[in-house]
Amino acid sequence: MNYDDIAWQVFLLTGPAENIQSVTHCMTRLRLVLRHKDEAMLTGLKKVSGVLGVHDAGEELQIIFGPGRVDRVTDAFTALLSRQSAVNTSDEADNEPDATESQPLKASTVPAATTTKMAAKSAKVGDGKALHEKIRAKNATPIKLLFKRIASIFIPLIPAFIACGLISGTLNVVGKADPAFTQTAVYQLLAIGGSTVFWGMNLFVGYNAAKEFGGTPILGGILGALLAHPGLASVNLTGEPLVPGRGGVISVLLVAALAAYLEKGLKRVIPEMFSLFLTPLFTFLIAGTIAICILQPLGGFLSDCIGTAATSAIGSGGAVTGFILGGTFLPMVMLGIHQTLTPIHAELLARYGVTILLPVLAMAGAGQVGASFAVYCRTKNRFLKKTIASALPVGIMGVGEPLIYGVTLPLGKPFIGACIGGACGGAVQAQFMVGAATLGISGLPLAAATDQILIYLLGLVTAYIGGFIATWLIGFDDPPEEK
């Protein structure tokens, strides 16, 4: 694909540069915060080559490209935006009415109609700014902001979990097939590599959390390291030795947030000439003391509750619990609540080496695949068939957004069928308590990171079939062909 061309098409629809407030991306989506957006923009973005779907999340516009592609498009888009912003700044400084020679792309490549369109959109920016600010204020609730922060802390860690989790899952299978291999140096080195993310997780979470809460990232990192330091085991404060790593990521999140707010307060009271030395010192000492004496025990209690609740719910509830969780995960995704589950997955991984929640919840995406295939078989709309045919392969690989926003959700009833399929698959995973040694992936690729590959695949097929049958029986209103 020509990623520069894709980025340019996205910019033509979302620009000009002053309309774009921020650009970020996650594993699958280009995330833009815009001053103004409208239905015409969303419709146009869906037609851009390479775009798998578009989701208007209120303050944020999410353009779905899928793994790998989103990184390259974001790089090209960011570079284009930087060039355009530099040109605008230069134009304002020079106060030149005609600066076509300074455009980042050749003027001949920009049709006159496109130039007129961008000028009209630029005028809309000012008119839509007040409305956009109202929308932002409406969506900036404390709960939604908390969810967004949690996602920002853990999303950068997902590639590490994927790499280490796939290594651990593969070794688990190989070790069972050939026990003698577990005694070799190669196996032992790979096993160390598979567990590496857990040795550094406190540092990464502390660093990202402090950054997200407005503190100095490295202070959050060293506080996370403090809570996991093996030397704590030799310290006795209350008659019992301290436990390194107690509370896991929960304790780290608490201390990083505390340190960030503490640092801000210290900067306001410490004289400027001493701030460079005293602010980080006092932040570390005060936050570290509170962490060891209060936050780590509190985090340990919360961590125990999370671990016990998750394992007990699935262990005692079995298929019923899995049916409920698998069936309700898609609505949770639509509401953004699923982001709060990421630290729970991370905590379960740190405590048990696997998370038994992920295989259950991953079945929601499999239900989407089955439901979408049912739509493909019944629809007479050629455009819809083409959309499903292009989205099904990535859906099978665990990227479900194109099927959600391009097929099942717009049609309505197939979304319900997908939830039913996810519930059926979730029941299978929970009944056999299948665990996954990673997070951030689902669908077929997740099989390699599970501790019961055949059972996981059985649940996956069950979700496919359940989603297909439910959607076929429920039916849907076939959209007419566009003229």
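None of the figures in this text is laboratory data; all of them are computed from the coordinates on show. As the structure is a computational prediction, the values presented were derived from the model and not from experiment. For neighbour counting, all protein chains shown are included, and Cβ atoms are generated from backbone atoms with ideal geometry for every residue, glycine included.
Throw me the Rg/Rh for the chain, computed over C-alpha atoms with Kirkwood Rh, two decimals.
Values: Rg = 25.1 Å, Rh = 24.8 Å.
With Rh from the inverse mean 1/r over Cα pairs, Rg/Rh is 1.01.
Report the full-extension gain for the segment Asp477 to Asp71: residue separation times 0.36 nm, less the Cα-Cα distance, to one decimal in nm. Intermediate results must be reported in sequence, preceding the final value.
Working: separation 406, 0.36 × 406 = 146.16 nm, distance 3.63 nm.
The Asp477-Asp71 span can extend by a further 142.5 nm.
Counting other C-beta atoms within 10 Å, and keeping those with at most 11, which DSSP coil trypsin sites (Lys or Arg not before Pro) do you find in region 307-382? Let's see the in-between values first.
Numbers: sites: Arg351, Arg378, Lys380, Arg382; in loops: Lys380.
Hits after loop and neighbour filter: Lys380.
If the only charges are +1 at each Lys and Arg Cβ and -1 at each Asp and Glu Cβ, what is the size of the charge dipole of the chain around the Cα centre, to the nearest 20 debye?
Once rounded to the nearest 20, the dipole reads 760 debye.
Once Lys and Arg get +1 and Asp and Glu get -1 on their Cβ, which of Thr196, Leu358, Val174 lies farthest toward the positive end of the dipole of the chain?
Leu358
What FRET efficiency comes out for the pair Ala163/Thr311, r = Cβ-Cβ distance, R0 = 25 Å, nearest 0.05? Intermediate results must be reported in sequence, preceding the final value.
Values: r = 26 Å, r/R0 = 1.03.
Once the sixth-power term is evaluated, E becomes 0.45.
From the phi of every residue in region 374-380, what ³J(HN,Hα) in whole Hz does the Karplus formula 6.51 cos²θ - 1.76 cosθ + 1.60 yield, where θ is phi - 60° and glycine or proline is x?
Result, ordered by residue: 5, 4, 4, 6, 9, 6, 10 Hz.
Can you give the FRET efficiency to the nearest 0.05 for Ile294 and Ser234, using r as the Cβ-Cβ distance and R₀ = 25 Å?
Details: r = 21 Å, r/R0 = 0.83.
The pair Ile294/Ser234 has a calculated efficiency of 0.75.
Given N residues in region 202-307, what is Rg(Cα) / (2.2 N^0.38 Å)? Don't jump to the answer; show the numbers that get you there.
Numbers: Rg = 13.8 Å, N = 106, 2.2 N^0.38 = 12.9 Å.
Taking the Cα Rg and dividing by 2.2 N^0.38 Å, one obtains 1.06.
Could you calculate the contour length gain from Arg378 to Leu146, that is, 0.36 nm times the residue separation minus the distance between their Cα atoms, to one decimal place in nm?
Working: separation 232, 0.36 × 232 = 83.52 nm, distance 4.17 nm.
Roughly 79.4 nm would be gained on extension.
What are the ³J(HN,Hα) couplings of region 359-370, residue after residue, when phi is run through the Karplus curve with 6.51, -1.76, 1.60 and θ = phi - 60°? Round to Hz, x for glycine and proline.
Going residue by residue, I get x, 5, 5, 5, 5, 4, x, 5, x, 4, 4, x Hz, with x marking Gly and Pro.
Would you please classify the overall shape of region 8-64 from the alpha carbon gyration tensor, given that a ≥ b ≥ c denote the square roots of the eigenvalues, rounded means a/c under 1.5, and beyond that prolate means a/b larger than b/c while oblate covers the rest? Can you show the working numbers first?
On the way: a/c = 1.37, a/b = 1.09, b/c = 1.25.
Rounded, because the longest to shortest axis ratio a/c is under 1.5.
Once you charge only the Cβ atoms, +1 for Lys and Arg and -1 for Asp and Glu, what is the size of the charge dipole of region 379-483 about its Cα centre, to the nearest 20 debye?
Details: 6 positive and 6 negative charges, 53 e Å.
Here the size comes out at about 260 debye.
Gain in length, Val33 to Ile218, computed as 0.36 nm per residue apart minus the alpha-carbon separation, to one decimal in nm?
63.9 nm
Here is the link list: Lys37/Lys264; Lys46/Lys211; Lys47/Lys413; Lys37/Lys386. Which ones come out longer than 30 Å on Cα distance?
Values: Lys37/Lys264 35 Å; Lys46/Lys211 33 Å; Lys47/Lys413 24 Å; Lys37/Lys386 27 Å.
Violating the 30 Å limit, Cα to Cα: Lys37/Lys264; Lys46/Lys211.
Name the long-range amide H neighbours of Leu439: under 5 Å, sequence gap of 5 or more, or other chain; modelled H, no Pro or chain starts.
Residues meeting the criterion, in which the H sits 1.01 Å from N, are Ile162.
Pull up all non-local amide H partners of Ala57: gap of 5 or more, or a different chain, and H-to-H distance under 5 Å with H placed in the peptide plane.
When sequence neighbours closer than 5 places are left aside, the close amide H contacts are Gln62.
What FRET efficiency comes out for Glu18 versus Lys267 if R0 is 25 angstrom and r is the Cβ-Cβ distance? Round to the nearest 0.05. Kindly include the intermediate steps, with their values, before the conclusion.
Numbers: r = 32 Å, r/R0 = 1.27.
That gives a FRET efficiency of 0.20.
State the answer as a single residue: which of Pro230, Pro241, Gly367 lies farthest towards the positive end of the charge dipole of region 219-373, with beta carbon charges of +1 for Lys and Arg and -1 for Asp and Glu, about the Cα centre.
Gly367
Explain nothing, just compute: Karplus ³J(HN,Hα) = 6.51 cos²θ - 1.76 cosθ + 1.60, θ = phi - 60°, for every residue of region 232-237 in order, whole Hz, x for Gly and Pro.
So the Karplus estimates, Gly and Pro as x, are 4, 5, 8, 9, 10, 9 Hz.
Add -39500 (n - 2.57) for each DSSP H run of 4 or more in the chain, then divide by its residues: what number comes out at 222 nm, to the nearest 500 deg cm²/dmol? Could the numbers behind the result be given before it?
Details: 17 runs with 316 residues, N = 483.
That calculation yields -22500 deg cm²/dmol at 222 nm.
Order of Glu263, Glu272 from fewest to most other C-beta atoms within 10 Å? Numbers along the way, then the final one.
Working: Glu263 23, Glu272 7.
Going from sparsest to densest Cβ surroundings: Glu272, Glu263.
Give me the percent relative contact order of region 184-310, please, defined on Cα pairs under 8 angstrom at least 6 residues apart. Don't jump to the answer; show the numbers that get you there.
Values: 164 pairs, mean separation 31.4, N = 127.
About 25 percent, as a whole number.
Which residues in region 51-72 have a backbone N closer than 16 Å to a point placed 7 Å from the Cα of Met334 along the Cα-to-Cβ line?
54-58
According to the square roots a ≥ b ≥ c of the eigenvalues of the Cα gyration tensor, what is the shape class of region 281-335, taking rounded for a/c under 1.5, prolate for a/b larger than b/c otherwise, and oblate for the remainder? Let's see the in-between values first.
Working: a/c = 7.88, a/b = 2.27, b/c = 3.48.
Judged from the Cα gyration tensor, region 281-335 comes out oblate (a/c at least 1.5, b/c at or above a/b).
Would you grab the residues whose amide H sits under 5 Å from the one on Ile356? Only those 5+ places off in sequence or on another chain, please, with H modelled 1.01 Å from N.
Distant-sequence amide H within range of Ile356: Ala436.
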